[in-house]
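J.: Structure in structure tokens, see below.
The values are calculated or read from the model by the stated rules, or taken from the named source; none is laboratory data. From a predicted model like this one, the values you see are computed outputs, not experimental measurements. As a convention, Cβ positions derive from the backbone with ideal geometry for all residues, glycine included, and neighbour counts pool all protein chains shown. Side chains are part of the model used for accessible areas, which takes the heavy atoms of the whole protein and leaves out ligands, DNA and RNA. Shrake-Rupley method; radii C 1.70, N 1.55, O 1.52, S 1.80 Å.
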Amino acid sequence: MITKSRLFIALQYVFLICLIIACIVPFWLLIASSFTTERELIEHGYSLFPREANLDAYRYLMAASKGVLRAYMMSIIIAGTGVLTSITLTVLFAYPLSRQYLPGKQIISFFLFFTMLFNGGLVPTYMIYTRLFHLKDSLFAMIIPGLLMNPFNVIMMRTYITSNVANEVIEAALIDGAGEFKSLIHVVIPLSKPIIGTLALMSFIGYWNNWTNGVYYIQKRTDLYGIQNYMKNVLDSVSALQNQIANGVGVDVTDLPSMGIRMALAVVGVLPVILVYPFFQKSFVKGITIGSVKG
Amino acid sequence: MRSDKKKLIRRIRKCWPLYLMLVPGIVYLIINNYLPMFGVLIAFKKVDYSVGILKSPWAGFSNFTYLFASKDAYIMFRNTILYNAAFILLGNLFGLIVAIALETVRKRFFRNAAQVIILIPYLLSTIIISYIVYAFLNEQNGFMNNTVLPILHMDPVSWYNVPAPWPVILTVVYLWMSIGYTSILYYSTLIGIDKTFYEAAVVDGASLWQQIARITLPCMKKTIIILLILAVGRICYSDFGLFYQVPMHSGLLYKTTQTIDTFVYRALLEQNSIGRSSAAGLFQSVLGFILVVTTNAVVRKVDKESSLF
């Protein structure tokens, strides 16, 4: 739009500034609470500008709780193996689909595509993974179900290869005697770095934020929990205790994990995503815009 | 004919490395997607673990009649569809407004900063969002009861026990976490509009609102329609985390927070009622399939290029 109306432009600024504040304030509340002293929290509740602040919650988190560190390590292991396997599967599936001369390309594309139209839903998926493959309470349950290969990502990758990696380059490599594997590794992958980066980022966020696999498939082996499931448990047990207090059931208040520590835990839990995000913001936006509408 | 066949076989043979590359992905799709598709038959079984699922006796439609006899079915279908309707309408409306605002603002630094910041909520896991909501709504220490309501001279509310405010809370939370995503989608089409349209319109004396109504919106029409239709195709699905974890799976809130997805989960893993759970799940899958295929047919009519298939 072209306008000289100062009022209109000013209104847009005001609107966006309000929106930015609305996006930050809840997040700010989380961070501010994690620095608030325990006494202050009990007296005045969570607030945006704590009157007393210190680092106690973080100190406690560092020193006392092995559980947090463990869950954190698990998350790193899960996300690490998950992203690597997922990218490998995606690239290996996308490259053949980008070759025009592959017999049966249509059938395989449809085989992939149909999974986006129809899915069995939670109950059969759960039954297959637990009864047929006995994945319950194993590390695989945190990595495999649902997250390993996303058809959307395969299609994005394939489109990228067909439109950005010149066919002649691949064919030249093949004529020079490189096999398909060699041409994939030495020609296609180096030329597809941007899209692979985008997909890896999306996949990392998917794994780091995933908690449903833990809820569905992990029952006894809570030592396999990643940071999200760990945080979920802390939140659940706190609210259960507070409900009992509210209902007048006598509970020793010292049992409650400190309120500040909980929020510090949440801050530590989002940290990797927030740290990674600014560096990859552009490719993240790209992933959103090409992934959703065009497919 | 015969030489054609031979040629094909030779081509297939030559492509063996490509087929080899496809194997891991195909295996994964079979395990993760195709086996569960056949598994939907479980909805017609009376599951008896002692003999195994395959050998369990058939139950006909009894699981479905059992499901639809209860008022659970009405509540979860109503909630799923009404929430989705609200999310689609408000989400797209806000997304569009934010996108237009982003485009109007000329300061590059400000525009980039705004884009970065409004996407942050989209990156947070549902668990973190639950923590944030809890920091607001928790009865004893929450921000609402301690800071906001006293300013408004209102009594504290025990949020996790009262179902009435939750439709508003969940809609606000949804908008908060999705606005960055929707607005960036719209923004990316908005910046593609040819600037000379506007220049010509200004020469002809078009006002700002005329520019929006006559140029911006018509140019966005395709994207808007496609996003709406795709969303309608997913109208019987819901974000499990938003409806399960954000309300802290409080049983007192079922009336306004139960959706098909939360019901399927609860019936399967909390009440061990596989029959009703799988019946609801199958209903959702089949309805979802029909809706996706029909909406896609509609998209094809509107704009062939944008249809999914």
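J.: Six or more apart or on different chains, Cβ under 7 Å: which pairs go from a residue in region B:195-215 that's within 14 Å of A:Phe8 (Cβ to Cβ) to one that's hydroxyl-bearing (Ser, Thr, Tyr)? Could you list them?
T.: B:Leu208/A:Thr3; B:Leu208/A:Ser5; B:Gln211/B:Tyr198
J.: Something else now. Would a scan of region B:276-290 turn up a residue that is of a type in the set (S, T, N, Q) and either within 29 Å of B:Pro165 (Cβ to Cβ) or outside any helix (DSSP H, G or I) (or both)? Give the steps one after another, and end with the answer.
T.: We begin by selecting, within region B:276-290, every residue of a type in the set (S, T, N, Q); these are B:277-278, B:284-285.
Cutting the leftovers down to either within 29 Å of B:Pro165 (Cβ to Cβ) or outside any helix (DSSP H, G or I) (or both) gives us B:277, B:284.
Looking for residues that are of a type in the set (S, T, N, Q) and either within 29 Å of B:Pro165 (Cβ to Cβ) or outside any helix (DSSP H, G or I) (or both), one finds at least one in region B:276-290, hence yes.
J.: Hey, among B:Gln258, B:Gln245, which residue is more than 15 Å from the chain's Cα centre (by Cα), more than 11 Å from chain A (Cβ to nearest Cβ), within 30 Å of B:Trp159 (Cβ to Cβ) and open to solvent by less than 60 Å² (accessible area, probe 1.4 Å)?
T.: Just one listed residue meets the conditions, B:Gln258.
J.: Kindly list the number of the only condition in (1) of a type outside the set (Lys, Arg); (2) touching a helix residue (DSSP H, G or I) at 6+ places or on another chain (Cβ under 6 Å); (3) closer than 20 Å to A:Thr130 by Cα that fails for B:Pro17.
T.: Failed condition: (3).
J.: Looking only at region B:232-241, count how many residues are open to solvent by less than 30 Å² (accessible area, probe 1.4 Å) and more than 18 Å from B:Leu269 (Cβ to Cβ).
T.: 2
J.: As an exercise: evaluate A:Tyr60 against (1) open to solvent by 70 Å² or more (accessible area, probe 1.4 Å); (2) modelled with pLDDT of 85 or more and give the number of the one condition it does not meet.
T.: Only one criterion is unmet by A:Tyr60, namely (2).
J.: Looking at (1) more than 26 Å from A:Met202 (Cβ to Cβ); (2) buried (at least 16 other Cβ atoms within 10 Å of the Cβ); (3) at the interface with chain A (Cβ under 8 Å from one of its Cβ atoms), can you tell me which one B:Ile127 breaks?
T.: Every condition holds for B:Ile127 apart from (1).
J.: Separate question: Quick one: which helices (runs of 4 or more DSSP H) lie wholly within region B:157-218 and hold at least 1 residues that are open to solvent by less than 60 Å² (accessible area, probe 1.4 Å) and among the polar types (S, T, N, Q)? Break it down into steps so the answer makes sense when it comes.
T.: Values: elements: B:166-190, B:195-203, B:208-211.
Where helices (runs of 4 or more DSSP H) fall fully within region B:157-218 and carry at least 1 residues being open to solvent by less than 60 Å² (accessible area, probe 1.4 Å) and among the polar types (S, T, N, Q), they are B:166-190, B:208-211.
J.: Does A:Ala22 satisfy being surrounded by 17 or more Cβ atoms within 10 Å (Cβ to Cβ) and at pLDDT 90 or above?
T.: Considered against the rule, which asks whether it is surrounded by 17 or more Cβ atoms within 10 Å (Cβ to Cβ) and at pLDDT 90 or above, A:Ala22 comes out as no.
J.: With the requirement that a residue be open to solvent by less than 20 Å² (accessible area, probe 1.4 Å) and under 19 Å from B:Ile117 (Cβ atoms), what does region A:1-19 give you?
T.: A:Leu16
J.: In region B:2-58, which residues are within 23 Å of A:Phe110 (Cα to Cα), aromatic (Phe, Trp, Tyr) and either more than 8 Å from chain A (Cβ to nearest Cβ) or touching a Cys at 6+ places or on another chain (Cβ under 9 Å) (or both)?
T.: The one that is within 23 Å of A:Phe110 (Cα to Cα), aromatic (Phe, Trp, Tyr) and either more than 8 Å from chain A (Cβ to nearest Cβ) or touching a Cys at 6+ places or on another chain (Cβ under 9 Å) (or both): B:Trp16.
J.: For region A:189-235, how many residues are closer than 19 Å to B:Leu269 by Cβ and β-branched (Val, Ile, Thr)?
T.: Count: 4.
J.: Now, a different point. What is the one condition in (1) surrounded by fewer than 16 Cβ atoms within 10 Å (Cβ to Cβ); (2) away from every other protein chain (no Cβ under 13 Å) that A:Gly179 does not satisfy?
T.: Of everything listed in (1) surrounded by fewer than 16 Cβ atoms within 10 Å (Cβ to Cβ); (2) away from every other protein chain (no Cβ under 13 Å), A:Gly179 misses just condition (2).
J.: Residues that are closer than 17 Å to A:Cys18 by Cβ and either facing chain A (nearest Cβ under 9 Å) or modelled with pLDDT of 90 or more (or both): does region B:65-79 have at least one?
T.: Restricting attention to region B:65-79, the residues satisfying the condition of being closer than 17 Å to A:Cys18 by Cβ are none.
For region B:65-79, residues closer than 17 Å to A:Cys18 by Cβ and either facing chain A (nearest Cβ under 9 Å) or modelled with pLDDT of 90 or more (or both): absent.
J.: Also, I was wondering about something else. Among the helices (runs of 4 or more DSSP H) lying completely within region B:25-106, list those that include at least 3 residues that are in contact (Cβ under 8 Å) with a residue 40 or more places away in the chain and either buried (at least 17 other Cβ atoms within 10 Å of the Cβ) or in contact with a Pro (Cβ under 6 Å, 6 or more places away or on another chain) (or both).
T.: Result: B:62-69, B:71-104.
J.: Of these, A:Lys220, A:Lys232, A:Lys193, which one is crowded, with 20+ Cβ neighbours inside 10 Å, basic (Lys, Arg) and either in contact with a helix residue (DSSP H, G or I) (Cβ under 8 Å, 6 or more places away or on another chain) or on the phi < 0 side of the Ramachandran plot (or both)?
T.: On inspection, the qualifying residue turns out to be A:Lys232.
J.: Got a number for residues in region B:95-120 being more than 9 Å from chain A (Cβ to nearest Cβ) and of a type in the set (Lys, Arg)?
T.: Summing the residues that are more than 9 Å from chain A (Cβ to nearest Cβ) and of a type in the set (Lys, Arg) in region B:95-120 gives 1.
J.: Filter the helices (runs of 4 or more DSSP H) completely within region A:104-162 down to those with at least 2 residues that are without any contact (Cβ under 8 Å) to a residue 24 or more places away in the chain and open to solvent by 40 Å² or more (accessible area, probe 1.4 Å).
T.: Passing ranges, in order: A:105-117.
Table: residues versus (1) within 30 Å of A:Leu265 (Cβ to Cβ); (2) surrounded by fewer than 16 Cβ atoms within 10 Å (Cβ to Cβ); (3) facing chain B (nearest Cβ under 8 Å); (4) in contact (Cβ under 8 Å) with a residue 12 or more places away in the chain.
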| position | (1), (2), (3), (4) |
| --- | --- |
| A:Ala71 | yes, no, no, yes |
| A:Ile76 | yes, yes, no, no |
| A:Ala79 | yes, no, no, yes |
| A:Ser86 | yes, no, no, yes |
| A:Phe93 | no, no, yes, yes |
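J.: Further question: Does A:Thr37 satisfy the criteria of being open to solvent by less than 30 Å² (accessible area, probe 1.4 Å) and either under 30 Å from B:Ala206 (Cβ atoms) or touching a residue at least 60 places away in the same chain (Cβ under 8 Å) (or both)?
T.: Here the answer is yes, as A:Thr37 does meet what is asked.
J.: Which one of the conditions (1) facing chain B (nearest Cβ under 7 Å); (2) closer than 18 Å to A:Met157 by Cβ; (3) not aliphatic (A, V, I, L, M) does A:Lys105 fail to meet, given that it meets all the rest?
T.: (1)
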